[in-house]
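First up is the structure itself, then whatever we jot down about it.
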Amino acid sequence: MPNRLATESSPYLQQHADNPVDWYPWGEEAFARARAANKPVHLSVGYFACHWCHVMAHECFEDPEIARVLNDDFVNIKVDRQERPDIDDLYQRVVQMMGQSGGWPLTVFLTPEQEPFFAGTYFAPEDRPGRPGFPRLLRGLSQAWRNRQDEVRENCKQFLRGFQVHDEQLLAAADPPQVDGPGEAARAFARNTDPVYGGLGRAPKFPNPSCSDLMLRVYRRTREPQLLAAVERTLEHMAGGGIYDHLGGGFARYSVDERWTIPHFEKMLYDNGQLVKLYADAYRLTGRPAWRRVFEECIAYVLRDLTHPEGGFYASEDADSEGEEGRFYAWSPRELHAILGEDDAAFACRAYGIGERGNFAQDRSVLQRSVALEEPEELRLEGVRQRLFAARLRRVRPGRDENVLTAWNALMIQGLCAAYQAGGAPAHLRAARASADFLATHLASADGGLYRAWRGGVAKVPGFLDDYGFLANALLDLYESAFDKRDLDRSLELVDQVLENFWDDGLYFTPRNGASLIHRPLAPFDGAWPSGTSQSVLALLRAHEMSGRQRYFDCAQRVLAQFDAAAARDAFGFAHLLAAQEFARVGPVTVVFCGGREHAASLIETAHRQYLPSRVLALAEHVPLGEGRGLVDGKPAAYVCQNQFCLPPVTSAAGLRDCLA
């Protein structure tokens with residue numbers, strides 16, 4: 001018999017609707033039940049494409065005996081972290097306070113007042129060295145609640161104090177402030193980039209696009225060769241490794257090894273949106289055709305496999321199919337021979353690094369580009385790729401999370417706009433426009449605000465800071481691509497709402513009138529995507545350049561000053577905020593076009609093709625800086641200004657290129 005999760009719109013919650021566990025969604029009903037029964041709360045947080053969430057569900061939540069203990073001794077709440085990142089962020093900190101690294105599934109035990117007293121991540125159904133099995137853990141915590149509740153509540157006080165101390169440490173002042181925080185961080189990232197395979201650290205390896213983005217931004221200012229070399233090494237090995245889908249395009253979430261060979265196979269919209277932008281920016285900077293191929297293939301994947309018919313983008317694809325992680329993506333030599341014949345199969349095995357023993361499970365291999373090919377061989381490989389892709393379409397696909405999330409769609413819009421500006425493909429601009437229109441139609445609230453998530457006609461959960469900040473930037477990108485003033489106006493509305501709802505002498509992740517939690521989170525750290533704080537600061541700085549409104553600039557500078565010391569201590573966690581600081585430090589170049597979009601098309605295209613991470617583009621009739629500026633000798637013109645100084649207007653693409661060099 002289905003439990004309460006059967007009526008939820010979240011695909012992740014629906015995955016647990018047939019568990020024997022008596023699940024509740026997060027809400028007052030669950031906590032009222034806990035108070036009435038004087039039971040602790042078992043909170044489980046995960047997401048649709050999470051492999052280890054599936055493992056724990058199968059091992060523990062589908063087990064009748066474990067479910068009986070959970071139902072007898074606890075009130076059980078299931079949360080989709082994609083719908084409620086505020087809950088996830090808050091209780092991940094408890095795991096970190098306990099000296100663990102956090103992750104998913106997140107397992108937390110709370111009082112009926114939402115106060116945590118124990119937390120962890122994945123628990124197996126049996127005891128393992130140094131770690132209790134889930135049944136033993138449940139018995140111990142249940143007994144502690146019944147027999148030593150005062151001690152349990154004392155634990156809660158320590159965690160609550162930990163939240164306060166954490167925020168106080170984050171906001172501690174720097175003495176003295178950094179001279180060049182973005183530059184120092186970028187150089188540190190370059191020093192710590194794997195000298196052979198690229199990427200930061202060892203296994204497991206994540207793409208960390210915000211770190212590469214900062215290195216590119218600082219390289220544009222300083223031209224220090226080690227910065228570009230570190231980024232290109234990372235991009236090259238990622239694009240050649242198994243983390244990249246060589247048949248269908250798109251990146252998996254991370255690699256379990258340092259060579260980028262074997263991915264954790266789930267594909268997330270947020271990764272691909274950020275990586276499309278990163279490869280497009282690298283292409284604008286270097287002109288390398290390989291980077292263009294990658295971002296175009298990633299976009300093709302998203303448009304083919306992650307797009308709602310009305311233009312919104314779905315959240316992710318699962319790692320598993322037919323009960324096995326990676327089954328959809330791995331190949332054996334025998335399979336290739338059956339599809340391609342002897343000669344082409346031998347060629348494909350050489351090109352894609354497939355051996356008899358395999359590099360993955362059951363003597364199968366994840367495809368990677370293991371050897372350099374000459375141009376005729378590349379043409380041959382494209383035909384092979386198409387045949388293998390067609391064969392793969394006959395396999396059982398991984399599940400798809402059809403949640404449409406505002407913040408993640410905004411990241412994809414940003415990527416599409418960067419791709420359009422880098423390459424000029426109208427389809428990329430159309431896709432960005434369609435997603436923005438979808439969000440405006442389905443995820444805008446009656447008061448002009450945003451919802452977090454939509455699925456199957458249902459929009460739910462008021463938006464968080466990242467929803468507003470990400471979409472404000474995405475709409476500015478869309479404006480700078482197509483120059484539709486409605487995008488500029490809506491972006492400024494969202495920036496105003498950031499200050500109205502999330503500002504209290506700084507930026508908070510949750511709105512002031514949002515759902516009540518035991519602690520209002522700041523959440524300034526980057527994770528797999530930039531923080532809402534950093535994206536909102538960047539939006540404030542860009543909006544200031546567009547509008548001239550001083551308050552935007554002052555608030556952005558306030559946040560940069562608040563986290564200057566924290567960013568100096570932990571550049572990795574603040575990489576995107578340092579990118580916003582770089583934008584402010586350089587002083588953005590503002591290019592104002594006169595003569596309308598169509599007549600100034602060659603000038604606009606010239607600006608689009610340049611890698612200028614600290615720049616603003618606008619039509620003269622749309623911004624205060626354009627007042628009094630017009631055609632030059634009857635010709636469309638571009639006015640280039642920086643730090644209150646404007647160069648003489650130019651009317652040719654070559655002249656503008658020289659100004660922007």
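The values are calculated or read from the model by the stated rules, or taken from the named source; none is laboratory data. What you see is a predicted model; the values in this text were computed from it and never measured. Note that each Cβ is placed from the backbone with ideal geometry, even for glycine, and that neighbours are counted across all protein chains shown.
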Just to be sure I understand, how many residues within the range 362-381 are closer than 25 Å to Y197 by Cα and either among the charged types (D, E, K, R) or touching a strand residue (DSSP E or B) at 6+ places or on another chain (Cβ under 7 Å) (or both)?
10
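Using the structure shown, decide if D570 is surrounded by fewer than 18 Cβ atoms within 10 Å (Cβ to Cβ), within 25 Å of D489 (Cβ to Cβ) and among the acidic types (D, E). Reasoning before the result, please.
On the way: surrounded by fewer than 18 Cβ atoms within 10 Å (Cβ to Cβ): yes; within 25 Å of D489 (Cβ to Cβ): no; among the acidic types (D, E): yes.
Spelling it out, it is not the case that D570 is surrounded by fewer than 18 Cβ atoms within 10 Å (Cβ to Cβ), within 25 Å of D489 (Cβ to Cβ) and among the acidic types (D, E).
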Residues of the range 35-53 satisfying the condition of being touching a residue at least 24 places away in the same chain (Cβ under 8 Å), in contact with a Pro (Cβ under 9 Å, 6 or more places away or on another chain), part of a helix (DSSP H, G or I) and surrounded by fewer than 22 Cβ atoms within 10 Å (Cβ to Cβ)
R35, A37, W52
Those residues that are out of contact with any Ser or Thr (no Cβ under 7 Å at 6 or more places or on another chain), outside any loop (DSSP other than H, G, I, E, B) and charged (D, E, K, R), I need them from the range 342-365; list them, please.
E342, D343, D344, R350
Restricted to the range 312-341, and to residues that are at negative phi and charged (D, E, K, R), which residue is farthest from the chain's Cα centre (by Cα)?
R334
Which residue, of R452, R400, R430, is charged (D, E, K, R) and buried (at least 22 other Cβ atoms within 10 Å of the Cβ)?
R452
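Each row is one residue, and each column tells you yes or no for (1) of a type in the set (D, E, K, R); (2) closer than 18 Å to D467 by Cα.
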residue	(1), (2)
N501	no, yes
F509	no, yes
R512	yes, yes
S531	no, yes
A543	no, yes
S547	no, no
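Considering only the range 80-121, state which residues are within 23 Å of the chain's Cα centre (by Cα), β-branched (V, I, T) and farther than 12 Å from L517 by Cβ. Explain how you work it out, then say what you get.
Within the range 80-121, the first condition is being within 23 Å of the chain's Cα centre (by Cα), and the residues that meet it are 80-96, 100-107, 121.
Subsequent filtering for residues that are β-branched (V, I, T) retains 87, 94-95, 107, 121.
Of everything in the range 80-121, those that are within 23 Å of the chain's Cα centre (by Cα), β-branched (V, I, T) and farther than 12 Å from L517 by Cβ turn out to be V94, V95, T107, T121.
Specify which of the listed residues (D18, D22, D73) is of a type in the set (D, E, K, R), surrounded by fewer than 20 Cβ atoms within 10 Å (Cβ to Cβ) and free of Cβ contacts under 8 Å to residues at least 24 places away in the same chain. Working first, answer last.
Numbers: D22 fails: free of Cβ contacts under 8 Å to residues at least 24 places away in the same chain; D73 fails: free of Cβ contacts under 8 Å to residues at least 24 places away in the same chain.
Only one candidate passes the filter, namely D18.
Are any residues in the range 243-258 within 20 Å of the chain's Cα centre (by Cα) and not basic (K, R), and if so, which ones? Please lay out each step first, then the result.
We begin by selecting, within the range 243-258, every residue within 20 Å of the chain's Cα centre (by Cα); these are 243-245, 249-256.
If the condition is that a residue be within 20 Å of the chain's Cα centre (by Cα) and not basic (K, R), then I243, Y244, D245, G249, G250, F251, A252, Y254, S255, V256 are the ones that fit.
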Residues that are touching a Pro at 6+ places or on another chain (Cβ under 7 Å): which strands (runs of 3 or more DSSP E) entirely in the range 64-144 hold 3 or more of them?
106-110
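For the range 187-199, does any single residue satisfy the condition of being in a strand (DSSP E or B) and either touching a strand residue (DSSP E or B) at 6+ places or on another chain (Cβ under 9 Å) or not hydroxyl-bearing (S, T, Y) (or both)? Before the answer, list the steps.
Initially, the range 187-199 is screened for residues in a strand (DSSP E or B), giving 193.
In the following step, the residues that additionally are either touching a strand residue (DSSP E or B) at 6+ places or on another chain (Cβ under 9 Å) or not hydroxyl-bearing (S, T, Y) (or both) were identified as 193.
Within the range 187-199 (the criterion being in a strand (DSSP E or B) and either touching a strand residue (DSSP E or B) at 6+ places or on another chain (Cβ under 9 Å) or not hydroxyl-bearing (S, T, Y) (or both)), the answer is yes, since at least one residue qualifies.
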Exactly one of S534, S516 is without any contact (Cβ under 8 Å) to a residue 40 or more places away in the chain and of a type outside the set (D, E, K, R), and that residue is S516
Tell me the residue from L110, L141, L137 that is out of contact with any His (no Cβ under 6 Å at 6 or more places or on another chain), free of Cβ contacts under 8 Å to residues at least 24 places away in the same chain and not charged (D, E, K, R), please.
L137
Does the range 289-301 hold any residues that are touching a residue at least 12 places away in the same chain (Cβ under 8 Å) and either closer than 22 Å to A607 by Cβ or in contact with a helix residue (DSSP H, G or I) (Cβ under 6 Å, 6 or more places away or on another chain) (or both), and which are they?
W291, R292, V294, F295, E296, C298, I299
Taking the residues in the range 145-174 that are in contact (Cβ under 8 Å) with a residue 40 or more places away in the chain and not in a helix (DSSP H, G or I) as candidates, determine which candidate is surrounded by the fewest Cβ atoms within 10 Å (Cβ to Cβ).
A173
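Residue-by-condition table, conditions (1) buried (at least 20 other Cβ atoms within 10 Å of the Cβ); (2) outside the structural domain of F48 (by TED's automatic domain parsing); (3) over 23 Å from Q610 (Cα atoms); (4) at pLDDT 95 or above:
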| site | (1), (2), (3), (4) |
| --- | --- |
| V294 | yes, yes, no, yes |
| R304 | no, yes, yes, yes |
| E342 | no, yes, yes, yes |
| A348 | yes, yes, yes, yes |
| Y352 | yes, yes, yes, yes |
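Taking the range 1-24 as the region of interest, how many residues are aromatic (F, W, Y) and part of a loop (DSSP other than H, G, I, E, B)? Steps first, please.
Within the range 1-24, the first condition is being aromatic (F, W, Y), and the residues that meet it are 12, 23-24.
So of that shortlist, the ones also part of a loop (DSSP other than H, G, I, E, B) come out as none.
The qualifying residues number 0.
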Pairs returned, first residue in the range 617-634 that is farther than 23 Å from D477 by Cβ, second residue that is part of a loop (DSSP other than H, G, I, E, B) and polar (S, T, N, Q), beta-carbon separation under 8 angstrom, 6 or more apart or interchain, are V632/T651; D633/T651
In this structure, does R369 turn out to be outside any strand (DSSP E or B), closer than 25 Å to V396 by Cβ and not small (G, A, S)?
no
Tally, over the range 1-40, of residues that are touching a helix residue (DSSP H, G or I) at 6+ places or on another chain (Cβ under 6 Å) and hydroxyl-bearing (S, T, Y):
1
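Residues that are under 30 Å from Q178 (Cβ atoms), touching a Pro at 6+ places or on another chain (Cβ under 6 Å) and not small (G, A, S): does the range 580-598 have at least one?
Step one: of the range 580-598, the residues under 30 Å from Q178 (Cβ atoms) are 580-591.
Okay, now just the ones that are also touching a Pro at 6+ places or on another chain (Cβ under 6 Å), so 581-582.
When the remaining residues are screened for being not small (G, A, S), the result is 581-582.
The answer is yes; a qualifying residue exists.
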